[in-house]
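The values are calculated or read from the model by the stated rules, or taken from the named source; none is laboratory data. Since we're looking at a predicted model, the values are computed, not measured. Cβ placement follows ideal geometry from the backbone for every residue including glycine, while neighbour counts extend to all protein chains displayed. With ligands, DNA and RNA removed, areas are computed over all heavy atoms of the protein, side chains included. Shrake-Rupley method; radii C 1.70, N 1.55, O 1.52, S 1.80 Å.
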Amino acid sequence: MMAVFETRQGSSPVILGFPHTGTDVPAAMWERLNDNGRILADTDWHIHHLYDGLLPDVTTVRATFHRYVIDANRDPEGVSLYPGQNTTGLIPGTNFDGVSIWADGEEPTEADIAARLADFYAPYHAALAAEIERVKAIHGIAVLYDCHSIRSDIPFLFEGTLPDFNIGTDSGKTCDPAIQNAAVDVALYADGYTSILNGRFKGGWTTRHYGRPETGVHAIQMELAQSSHLTTEAPPFAYDATKAAKLRTHLKDILTRIEDAALTLAKQTRGSK
């Protein structure tokens, strides 16, 4: 059995989640994908490399399996995050362009969903939950920053071109305003970039599930347009080191400000007791 997640423990109050950078697909599942599915186009390409080393002592939890195996950022009950809008499910039947990814007759069954929830989804979220509790035990607070990227033009999912920085907090429900503002204040004034708060992406299941500010656990999602760090948003989805270097300066600023805000909130919480 493949390792379904990778964890790196740190002492910062910030945890980086990577549910969609994995490209591992077990052989038996790979055989069931069609040629379109085998492109793995909907990967959050290179995002774990983009964030690597930006914040000292940060904790990371990364799923190694691909979202076509099962999507670790969807409601395990299959409830849509965006009712009435096109999206993909717990085990996607199509890619983000609405085109089938499975060979005829090989679409995942209810039994497949149950098995993949147990074998992939549950272990990843158990690891993520454990790190949140560990970090919270150190600081009295934990901030989950969920890292994502997506192609900037996908008519099936949204109209027009996506902004570079898409910050999601479920309309402010999943984190303290200080955490949200730490990200917004950098993204808004990042020269040459566009940004939006709670636009098309308001935070996926991970952000909405774990973000409970009243318990000391805050969550925020950052969805980056892939045009900001890839050479092209088509195969081979190559990492553009020059673009990435520029973007990383702003991401480092965002993470540092979020960490500072978290430590301030932790101090305020201790002082009020």
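Across the accessible surface of the stretch 120-178, with the other protein chains kept in place and a 1.4 Å probe, carbon and sulfur atoms take up 58 percent.
Counting heavy atoms of the protein chains alone, K243 has an accessible area of about 80 Å² for a 1.4 Å probe. Ranked from largest to smallest solvent-accessible area, with a 1.4 Å probe on the protein heavy atoms, R248, R151, R116 come out as R248, R151, R116.
Note on the stretch 203-273: with neighbouring protein chains present and a 1.4 Å probe, carbon and sulfur make up 56 percent of its accessible heavy-atom surface.
The structure-derived value of semi-axes √(5λ) of the Cα gyration tensor in Å appears in the list [x] 30, 22, 17; [y] 37, 19, 17; [z] 25, 21, 21 under the label [x]. Scanning the chain for GluC sites (Glu not before Pro) in DSSP loops with at most 11 neighbouring Cβ atoms within 10 Å leaves 160-273 as the longest stretch between them. Could you state the angle between the C-alpha long axis of helix 241-271 and the longest principal axis of the C-alpha atoms of the chain, as a value from 0 to 90 degrees rounded to the nearest 10? For helix 241-271, the angle is close to 50 degrees.
Any chance you could give the angle, 0 to 90 degrees and rounded to 10, that helix 177-189 forms with the longest Cα principal axis of the chain? For 177-189 against the chain, the angle is about 70 degrees.
Could you tally the net charge around T23, taking each other residue with its Cβ under 15 Å from the Cβ of T23, Lys/Arg +1 and Asp/Glu -1? Residues near T23 contribute -2 overall.
Residues in the chain average 42 Å² of solvent-accessible surface per residue, probe 1.4 Å, ligands and nucleic acids excluded. The alpha carbon gyration tensor of the stretch 69-191 gives principal lengths a ≥ b ≥ c with a/c of 1.5 or higher and a/b no greater than b/c, which makes the shape oblate. Accessible area of D24 (1.4 Å probe, protein heavy atoms only, ligands and nucleic acids ignored): about 70 Å².
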